[in-house]
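Written out below as structure tokens is the structure these notes cover.
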Amino acid sequence: MPELEFITRIPGVQIYDIFDGPSITIKGRLPRPPSATCPRCESQVLRIKSTQTRRLKHGLWGGKFVYLHLKVPKLLCGRCGRHFVLPIAGVLPKRRATEQFRQEVFHLHHGGLTQKHLSRTHGIGTATVERWYHDFVVYRVKELEGRSCPLVLGIDEHFFTRKRGYATTLVDLRNHKVFDVVLGRDEASLGAYLARLPGREGSGSRDGSIGNLSKNGSQIFPECKDCS
Ligand SMILES: [Zn+2]
């Protein structure tokens with residue numbers, strides 16, 4: 001099945017079988033890399049105690065779910081006695097979906113597909129869509145912490161969930177990049193966030209005047225000449 005090459009490979013995983021039925025199941029194993037270390041004491045004196053199969057949702061291909069069934073060694077540290085399952089790149093411990101799959105749901109939801117729609121197409125609950133979306137918003141915020149405020153900031157708001165209301169997307173208009181996604185759309189929720197951004201003072205200028213922010217723009221960016 002050469003077209004499956006399009007499905008992102010996971011580093012270190014050796015695929016030994018693919019079943020193409022109502023869904024696609026890719027079977028693979030994760031051999032113990034020589035560089036594996038104990039997460040507690042960093043010892044390399046490790047022994048394989050058993051093998052665990054992790055079943056993960058990995059993507060959608062041609063309308064079919066792609067599952068990974070990966071055999072992963074359970075190791076015992078010879079120094080401190082800790083048992084642990086070898087981590088898989090791109091998969092968080094105890095998750096039943098790869099980060100690629102979770103990220104796809106995040107992007108689709110961010111792009112406007114509803115939780116109900118994604119629940120149907122991706123076979124997950126609406127609460128899961130919301131939780132995953134929130135996870136990635138938190139990642140983005142962490143990633144962006146300490147970054148300077150863009151010189152020209154565009155804003156756009158979109159409906160997030162009934163419970164959480166609106167989210168506002170901040171766009172760096174000079175570099176044509178999404179700068180951040182923030183929950184809320186009024187000054188109360190965005191003002192505190194924007195006030196924390198370094199490099200805002202004096203050079204803040206904002207294009208666009210969407211939603212409630214337009215009337216508050218001059219409060220958030222007091223020195224901005226474009227805000228009215
Ligand atoms: Zn150890």
Has segment 159-166 got at least one residue that is modelled with pLDDT of 70 or more, at negative phi and not assigned by TED's automatic domain parsing to the domain that holds Leu108? yes
With outside the structural domain of Thr121 (by TED's automatic domain parsing) and on the phi > 0 side of the Ramachandran plot as the only criterion, which of Gly78, Gly63, Gly21, Gly28 stands out? Gly63
Take the conditions more than 16 Å from the ligand (Cβ to nearest atom) and open to solvent by less than 20 Å² (accessible area, probe 1.4 Å) and apply them to Ile24. Does it pass? yes
Within segment 1-27, residues modelled with pLDDT of 80 or more, of a type in the set (A, V, I, L, M) and farther than 15 Å from Gln100 by Cβ come out as Ile15, Ile18
Can you name every residue in segment 8-57 that is in contact (Cβ under 8 Å) with a residue 24 or more places away in the chain, touching a helix residue (DSSP H, G or I) at 6+ places or on another chain (Cβ under 7 Å) and not charged (D, E, K, R)? Thr8
Of the criteria (1) under 23 Å from Asp135 (Cα atoms); (2) within 16 Å of the ligand (Cβ to nearest atom), which one Glu99 fails: (2)
For Gly90, state whether it is among the small types (Gly, Ala, Ser), part of a loop (DSSP other than H, G, I, E, B) and either modelled with pLDDT of 95 or more or more than 27 Å from the chain's Cα centre (by Cα) (or both). no
The residue that is surrounded by the most Cβ atoms within 10 Å (Cβ to Cβ), considering only those in segment 38-87 that are near the ligand (Cβ under 9 Å from one of its atoms), of a type in the set (A, V, I, L, M, F, W, C) and part of a loop (DSSP other than H, G, I, E, B), is Cys38
Going residue by residue through segment 186-205, is there one that turns out to be hydroxyl-bearing (Ser, Thr, Tyr), in contact with an Asp or Glu (Cβ under 7 Å, 6 or more places away or on another chain) and modelled with pLDDT under 70? yes
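The values are calculated or read from the model by the stated rules, or taken from the named source; none is laboratory data. Predicted, not measured: the structure shown is a model, and the values here were computed from it. Neighbour counts are summed over all protein chains in view; Cβ atoms, including those assigned to glycine, are modelled from backbone coordinates with ideal geometry. Side chains are part of the model used for accessible areas, which takes the heavy atoms of the whole protein and leaves out ligands, DNA and RNA. Shrake-Rupley method; radii C 1.70, N 1.55, O 1.52, S 1.80 Å.
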